[in-house]
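Structure first, then comments.
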Amino acid sequence: MRKAFALMTSWSARRPWLVLGIIAVLTAASVAGAFRIQMEFSQEALLPDKYPSIAALRKVEKEFGGLKYAKVLLTGKDLFSPDAALALFEYQQALESGADSAGWEELVLRAESYLSYLLRNPEARALMTLYSSLRASSSGEEALDAVRGFLDSEAARSMERQPEAGPFLQGLRTAVGQGEEGARTAGYLVEAAVSEALDRYLAAAGAMVVGRTVTADGKAAVVNIQVRPGLPQSEVLRRAGRLEEFTAAFFASRGMEAEVSGEVYMMKALQRLSLRDSAVLGLIALLFIAVVLFLTFRKVLDIFLTLAVVFVSLLWIFGIMGFGGIHYTVMGMALVPLMLGIDIAYSIHILTRYYEERDKRKGAEDSAVSSVVTVGIAVFLAAATTMFGFLSFSISDLPPIRQFGLLCLVGVFFGFLLSITMLPAALVIRDRRRGIKESRRVEEHRLLDWLDRGLARLSLLAERHRLPVWIGCLALVVACGLSVLGISTSADFRTFVPHDLPAYRSFIRIEEHFGGQDTTVALLEGEDLLSTASLRRMDEFVNAVLDHPRNLTPEGERKYFRPEKTNSIPGILRAAKALASAETAGVNPGSGVGVEAEPGRWVPASAEEAEALLSKAEEAFGFESSSLISQDRDSSLVAFEVPFVDEEGEKEMAAILRDAASESMVPGSLDMELTGMPLIISDALDKLFTTQLQSGALALLLCALLVVVVFRSLAYGLTATSVVFLAILLEIGLLRLIGWPLDIMTVMIASLVIGAGIDFGIHVAHRFREELYDNRLLPEEAVNTTVRNVGNALISAAVTTSGAFLILAVSSFSPLRRFGVVTALALASACFAALVLEPTFLTTVATRLDRRVRTDGGRGRRGKSGRGGLLDEGRKGRSI
């Protein structure tokens, strides 16, 4: 391994300009790739398509258009007025027809408001179209032309068969012959007709619209805009931005206020905020690391060279993202500070050793090669174990975590590769004309010298009091290990959205007015879903959900699922049956007197009767059957509008739905699949804890095996690994103590701490073995020399790495803040353990090994030196 490093570094030192030229070409190509990066912020992107909730969602998207909505909250003095109704009508027309050439139909599948049921009536739509034309007319003649067109329409001929419409139609015919005065008269008549139609409609529709899409006092309404599935998220968010501007301007010109919200706009706010945070966090991390480097090396050019290595590796990562089609997600915000913190450590160790070699009055090329050959082994081990830590993410079922692990893995590899090629080449170019005159020791800095001596004393103090140290470590292990039982989990992407963002505040206001706005659905599939048996099963499922014990409070109120927020074919048929009963009884549906279908009597006797009732519902209520049942009647939706609650509530809703589905479905006859935010979050929550355990265990195993193999010693390998074991337990204890959940970010901490934190243990163990075996020092002397020589570099690396993570604490996103704080503390504890606790373990191991060698030597197995002791054993390990 030393020969390979020597060969690579020698080649770089002899041809520095060629090395830098190759790196420059690769960097230019990476910059081109970086411009192809796309962003992705959505809950469903968290899980693979094979998961039941995501597989069901894809079916719902294909058959019914999906569950992604933008929402518009409208407020005004009287949204029941003809003017407000006209504004809503024209807005929906603009979105669905694309009449203004804005191309909204490419984004909008359908728009639903309290007027939607009314506007599905051909006569009502024709009336609103006439009202719109009259308001838009620039002259009396233009207005009268619109009236003539209406009177000649099929809608007017249909209205003639309704006695109550006769006076209105006659008034319009009279107005046509009265010129300008007739145009004004027609305007009054149409406005009055619209007002009367609204009153009758609201009285008949009742709870189907009031309280669901418009408040009872008419001061607030919501427009639900279903977004077409299949569009790339970048395109959805771009068009949503234009729609937001259009919506605000459209309703402001009509005296109404409009606010946009929903998943689309939360994701848009998340994307915008993440870009801002990425820039701010990256800049703060850069300034912080520059200050630490200056305090360490006290030379501006050293700062530039070490940072250049990290910048180039970051550009290469972004190039891979662009060319590989890997999306930039919320976790990508941690990428820049993470790579700054990890990759900079490799350059720090190489540069520190470079100056040690220069102190020996070597030339630039010899110093560069020697620095890599000596400390390069430890740096390689540190990089390899860190890569193994990130490699463990590959076993996760969650695609964003796998991709993040892959990017970090290649970033660490690039950082290591550049630190043993680009950095030596740059140092040779800078220093080779200076001969051997350049000599500066980091220890000349008084503060750093004091720190080195203080760490050495602390390490020796711990080494001399081994028993208390071991007891303290054991107590920490037990306490933190038990705390794992109380850790909660969180997987809702909406928790990333700061609560002071306009989109979030608007969403909360919508829920205050209209109740739950998250849509959760059951997708039912069978041969004939309008058969009596299938309809009964559907109804049983709905009732099982509504009356589930976990859906009821002690007072008997429903917590999550409510009848008035449930849409299903049985519910529509029940309403149509009640309407038919009312007509039979001679009761006016708009009179306020309700006639309910008798329990159990609402079920159609045949599929034909069910079809007839659906047609009646479409005609009377404006119900669009295609929103709940497919054309071939083999798939249907039961849709529940549920509130936005915490993860425990989401898990409870998912459990309720699964319980009800297991009771009601008949495999092969009536199958059910569930999807929606509660199911998606529940699936993600189920994987977070197992991801933590599996990836952490794999990372620990791989790293330990690598260190054991390279050191060719089980004892030394486990000793170097022990520091991260303690750091992981501390991480778990911190999460439990503070009460923070295990979320999409914190689930990665264990593997990350293993991969990055083991660096400290490796450097201490490697240098200890070098001093013990190569330089033949006694264990206590080896500890002192080790800590004094590597302590400064380790502290500098720990401060930069932990500091880079701690900077995430100023992020706008709470999961990212938690991730940064806990990771920083865990890495700092790993460094402390390496410098203070690990020497205790190392001296114990060295002493035991020395005794064993001496005992074996006494049996005639002495080495060549004749001592048969520790130093002779050390010679056998010098090939590493």
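Can you spot a residue in the stretch 38-60 that is open to solvent by 50 Å² or more (accessible area, probe 1.4 Å), under 30 Å from SER313 (Cα atoms), in a loop (DSSP other than H, G, I, E, B) and modelled with pLDDT under 90?
Checked the stretch 38-60: at least one residue is open to solvent by 50 Å² or more (accessible area, probe 1.4 Å), under 30 Å from SER313 (Cα atoms), in a loop (DSSP other than H, G, I, E, B) and modelled with pLDDT under 90.
LEU88 fails exactly one of the following numbered conditions: (1) in contact with a helix residue (DSSP H, G or I) (Cβ under 7 Å, 6 or more places away or on another chain); (2) open to solvent by less than 60 Å² (accessible area, probe 1.4 Å). What is the number of that condition?
LEU88 satisfies all of (1) in contact with a helix residue (DSSP H, G or I) (Cβ under 7 Å, 6 or more places away or on another chain); (2) open to solvent by less than 60 Å² (accessible area, probe 1.4 Å) except (1).
Which of the residues spanning the stretch 536-558 are in contact (Cβ under 8 Å) with a residue 60 or more places away in the chain and either at positive phi or not in a helix (DSSP H, G or I) (or both)?
Across the stretch 536-558, the qualifying residue is only HIS548.
Could you look through the stretch 266-317, keep only residues that are over 23 Å from the mean Cα position of the chain (by Cα) and small (Gly, Ala, Ser), and pick out the one that is modelled with the lowest pLDDT?
Here the answer is ALA290.
Which ones in the stretch 225-251 are in contact with an Asp or Glu (Cβ under 9 Å, 6 or more places away or on another chain), assigned to a helix (DSSP H, G or I) and among the small types (Gly, Ala, Ser)?
Passing the criteria: SER234, ALA248.
Which residues, taken from the stretch 512-543, are among the charged types (D, E, K, R) and buried (at least 21 other Cβ atoms within 10 Å of the Cβ)? Give the steps one after another, and end with the answer.
Restricting attention to the stretch 512-543, the residues satisfying the condition of being among the charged types (D, E, K, R) are 512, 518, 525, 527-528, 536-537, 539-540.
ASP518, ARG537, ASP539, listed by residue number.
Starting from the stretch 326-341, take each residue that is without any contact (Cβ under 8 Å) to a residue 60 or more places away in the chain and list its partners that are surrounded by fewer than 24 Cβ atoms within 10 Å (Cβ to Cβ), counting only C-beta distances under 9 angstrom and pairs at least six apart or across chains.
These pairs meet every condition: VAL336/SER278; VAL336/GLY282; VAL336/LEU286; VAL336/LEU314.
How many residues, within the stretch 285-332, are within 30 Å of ARG272 (Cβ to Cβ), assigned to a helix (DSSP H, G or I) and open to solvent by 30 Å² or more (accessible area, probe 1.4 Å)?
10
Is it fair to say LEU169 is in contact with an Asp or Glu (Cβ under 9 Å, 6 or more places away or on another chain) and either surrounded by 13 or more Cβ atoms within 10 Å (Cβ to Cβ) or at pLDDT 85 or above (or both)?
Yes: the conditions hold for LEU169.
What about THR215, is it of a type outside the set (A, V, I, L, M), touching a His at 6+ places or on another chain (Cβ under 7 Å) and more than 19 Å from GLU44 (Cα to Cα)?
yes
Just to be sure, is MET677 within 20 Å of PHE541 (Cβ to Cβ), out of contact with any Lys or Arg (no Cβ under 6 Å at 6 or more places or on another chain) and surrounded by 22 or more Cβ atoms within 10 Å (Cβ to Cβ)?
On the way: within 20 Å of PHE541 (Cβ to Cβ): yes; out of contact with any Lys or Arg (no Cβ under 6 Å at 6 or more places or on another chain): yes; surrounded by 22 or more Cβ atoms within 10 Å (Cβ to Cβ): yes.
It is true that MET677 is within 20 Å of PHE541 (Cβ to Cβ), out of contact with any Lys or Arg (no Cβ under 6 Å at 6 or more places or on another chain) and surrounded by 22 or more Cβ atoms within 10 Å (Cβ to Cβ).
ALA28 is checked against (1) small (Gly, Ala, Ser); (2) farther than 14 Å from ILE681 by Cβ; (3) at pLDDT below 85 and fails just one. What number does that condition carry?
Among (1) small (Gly, Ala, Ser); (2) farther than 14 Å from ILE681 by Cβ; (3) at pLDDT below 85, ALA28 violates only (3).
For the stretch 705-726, check the following and say yes or no: at least one residue is within 27 Å of ASP646 (Cβ to Cβ) and open to solvent by 20 Å² or more (accessible area, probe 1.4 Å).
no
I need the full set of residues from the stretch 772-785 which are assigned to a helix (DSSP H, G or I), open to solvent by 10 Å² or more (accessible area, probe 1.4 Å) and not hydroxyl-bearing (Ser, Thr, Tyr), in order please.
Selection gives ASP774, PRO779, GLU780, GLU781, ASN784.
Looking at (1) over 24 Å from the mean Cα position of the chain (by Cα); (2) over 26 Å from GLY415 (Cα atoms), which is the only condition PRO815 fails?
(1)
Residues of the stretch 199-224 being in a loop (DSSP other than H, G, I, E, B) and either hydroxyl-bearing (Ser, Thr, Tyr) or under 17 Å from GLY515 (Cβ atoms) (or both), which ones?
Within the stretch 199-224, VAL209, GLY211, ARG212, THR213, THR215, ALA216, ASP217, LYS219 meet the criteria.
Any chance you could count how many residues in the stretch 803-821 are under 19 Å from LEU726 (Cβ atoms) and either buried (at least 23 other Cβ atoms within 10 Å of the Cβ) or of a type in the set (D, E, K, R) (or both)?
Of the residues in the stretch 803-821, the ones under 19 Å from LEU726 (Cβ atoms) are 805, 821.
Adding the requirement that they be either buried (at least 23 other Cβ atoms within 10 Å of the Cβ) or of a type in the set (D, E, K, R) (or both) leaves 805.
Result for the stretch 803-821: 1.
Check TRP740 against each of (1) buried (at least 24 other Cβ atoms within 10 Å of the Cβ); (2) in contact with a Lys or Arg (Cβ under 7 Å, 6 or more places away or on another chain) and name the one condition it does not meet.
(1)
Identify, please: which residue in the stretch 361-389 is modelled with pLDDT of 80 or more and not in a helix (DSSP H, G or I) and is, among those, least open to solvent (accessible area, probe 1.4 Å)?
GLY363
Among the numbered conditions (1) closer than 27 Å to ASP366 by Cα; (2) open to solvent by 40 Å² or more (accessible area, probe 1.4 Å), tell me where SER10 comes up short.
If we test SER10 against (1) closer than 27 Å to ASP366 by Cα; (2) open to solvent by 40 Å² or more (accessible area, probe 1.4 Å), just (2) comes out false.
Residue check: is VAL25 free of Cβ contacts under 8 Å to residues at least 12 places away in the same chain, over 19 Å from the mean Cα position of the chain (by Cα) and in a helix (DSSP H, G or I)?
Judged against the criteria, VAL25 is a match.
Which one is least open to solvent (accessible area, probe 1.4 Å), of the residues in the stretch 105-129 that are within 30 Å of GLN233 (Cβ to Cβ), among the acidic types (Asp, Glu) and part of a helix (DSSP H, G or I)?
Among those that are within 30 Å of GLN233 (Cβ to Cβ), among the acidic types (Asp, Glu) and part of a helix (DSSP H, G or I), it is GLU105.
The values are calculated or read from the model by the stated rules, or taken from the named source; none is laboratory data. As the structure is a computational prediction, the values presented were derived from the model and not from experiment. Virtual Cβ from ideal backbone geometry, glycine too; neighbours counted across all protein chains shown. Each accessible area value is taken on the protein alone, full model and side chains, heavy atoms only, with ligands, DNA and RNA left out. Shrake-Rupley method; radii C 1.70, N 1.55, O 1.52, S 1.80 Å.
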